[in-house]
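The values are calculated or read from the model by the stated rules, or taken from the named source; none is laboratory data. Remember, predicted model here, so these are calculated numbers, not experimental data. For neighbour counting, all protein chains shown are included, and Cβ atoms are generated from backbone atoms with ideal geometry for every residue, glycine included.
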Amino acid sequence: MGNNIKNSYAGIYVFEGIDNVGKTTIIQALQEKICKEIGYDCTTIAFPGNEARTLGALVYDVHHHENKYFDFPINNASLQLLHVAAHIDLIQRKLIEEYSSSKIILMDRFWWSTYAYGLAGRLERDVVHAILAPELVYWEKININKIFLLERKDRKIDYETNKDILIRKNYSDLAKRESKCQIINNDGRLEETTNRVLINILGV
Ligand SMILES: Nc1ncnc2c1ncn2[C@@H]1O[C@H](COP(=O)(O)OP(=O)(O)O)[C@@H](O)[C@H]1O
Ligand SMILES: Cc1cn([C@H]2C[C@H](O)[C@@H](COP(=O)(O)OP(=O)(O)O)O2)c(=O)[nH]c1=O
C-alpha cells in the first residue's frame, strides 16, 4: 500500500496514562506494525519531547534532574508551565506539518498529562486551567481521532501512593468526559495489547 494511506485512518492517536503503564513500548510496537506490516505512513510525537537540542529535551531533563539546574526546588506551577512551553514548541514545529501530510500520528502523552500531574501536584484547579490555556488554543484547531488511556497493575511506581492514586483519578475523570477516549487494559501480553489497539485504530 506504500504511502497511499486511506484517509480515514490518518490523524492523531493519543496514548496517555501514568508512568510505566506501557505507552512508549506499545507505541513503538504499533508504529513498527503499521509501517512494516501494513505499509501506512506512521510517526510518533512524544511530550515533553525526546529530540536532542529541543525545548522538550531540556524540559525532560529539568523534570528528571532538577538538581543539575537549580539550587532550590522548582515549584510545580513553573514546572508545568515549562511542559506547556515544550508542548507548544512541538505542536508548532512538528505536529502541524505531520498532521497536514495524512499520516497516522501516535502521540506519547498529551495536555492530559499537565492536567493529571499538575492537579496531583496540589495545584489549584483554576491555576491548572490557566497554565493549560495557551496550549488549548492550539489544540482547538487540531482534531484528535482517539485517546487511549492505558492502565497496568504490574508497573513500577514512581510516586508516593497518594500521588499515584491522584494522578490515576485525574486521568479517569478526563476519560469519563471524553467520548473519544477508550481505556486500554495492558495487564496481559504486550503483543495482545498492541493488537487490540491496532484493531481499534483500523476499525476491523
Ligand atoms: N504488557 C506488558 N508486559 C510486560 N511488560 C510490559 C508490558 N507493557 C509494558 N511493559 C514494560 O513496562 C515498562 C514500562 O513501559 P514504558 O513503555 O516505558 O511505559 P510508559 O511509556 O507508560 O512510561 C517497560 O520495561 C516495558 O517493557
Ligand atoms: C507531558 C507531561 C509530563 N509530565 C511528567 C510525567 C512524567 O513523570 C515525566 C516525564 O514524562 P515521560 O517522558 O513520559 O516519562 P519517562 O520518564 O517515563 O520517560 O513528566 C508532567 O508532569 N507534565 C506534562 O505535561
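Structure data summary
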read-out	value
Check on Leu149, in contact (Cβ under 8 Å) with a residue 24 or more places away in the chain, hydrophobic (A, V, I, L, M, F, W, C) and more than 20 Å from Phe47 (Cα to Cα)	no
Answer residue from region 71-85, given it is assigned to a helix (DSSP H, G or I) and aliphatic (A, V, I, L, M) and is farthest from the chain's Cα centre (by Cα) among those	Ala77
Meets criteria (within 13 Å of ligand 2 (Cβ to nearest atom), touching a helix residue (DSSP H, G or I) at 6+ places or on another chain (Cβ under 7 Å), β-branched (Val, Ile, Thr) and under 22 Å from Tyr115 (Cβ atoms)) for Thr24	no
Residue in region 21-62 that is nearest to Asp158 (Cα to Cα), counting only those that are among the aliphatic types (A, V, I, L, M) and surrounded by fewer than 21 Cβ atoms within 10 Å (Cβ to Cβ)	Val62
Verdict on Tyr117 being under 24 Å from Gly56 (Cβ atoms) and free of Cβ contacts under 8 Å to residues at least 60 places away in the same chain	yes
Where a residue in region 186-202 is among the small types (Gly, Ala, Ser) and its partner, wherever it lies, is within 16 Å of ligand 2 (Cβ to nearest atom) and assigned to a helix (DSSP H, G or I), with Cβ under 8 Å and at least six apart	none
Identity of the residue in region 36-55, within 21 Å of Leu150 (Cβ to Cβ) and modelled with pLDDT of 95 or more, that ends up nearest to ligand 1 (Cβ to nearest atom)	Ala46
Residue match in region 73-83 (condition: more than 13 Å from ligand 2 (Cβ to nearest atom) and either in contact (Cβ under 8 Å) with a residue 24 or more places away in the chain or under 27 Å from Ala10 (Cβ atoms) (or both))	no
Any helices (runs of 4 or more DSSP H) falling wholly within region 1-70 and containing at least 1 residues that are over 12 Å from the mean Cα position of the chain (by Cα) and either closer than 16 Å to Tyr99 by Cβ or in contact (Cβ under 8 Å) with a residue 24 or more places away in the chain (or both)	23-32, 55-64
Pick from region 63-95, criterion crowded, with 19+ Cβ neighbours inside 10 Å and more than 25 Å from Glu124 (Cβ to Cβ), ranking: nearest to ligand 1 (Cβ to nearest atom)	Leu90
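This table checks each residue for (1) of a type in the set (A, V, I, L, M); (2) more than 16 Å from the chain's Cα centre (by Cα).
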residue: Leu90; (1), (2): yes, no
residue: Gly118; (1), (2): no, no
residue: Arg122; (1), (2): no, yes
residue: Glu140; (1), (2): no, yes
residue: Ile147; (1), (2): yes, no
residue: Asp154; (1), (2): no, yes
residue: Tyr159; (1), (2): no, yes
residue: Ile165; (1), (2): yes, yes
residue: Glu191; (1), (2): no, yes
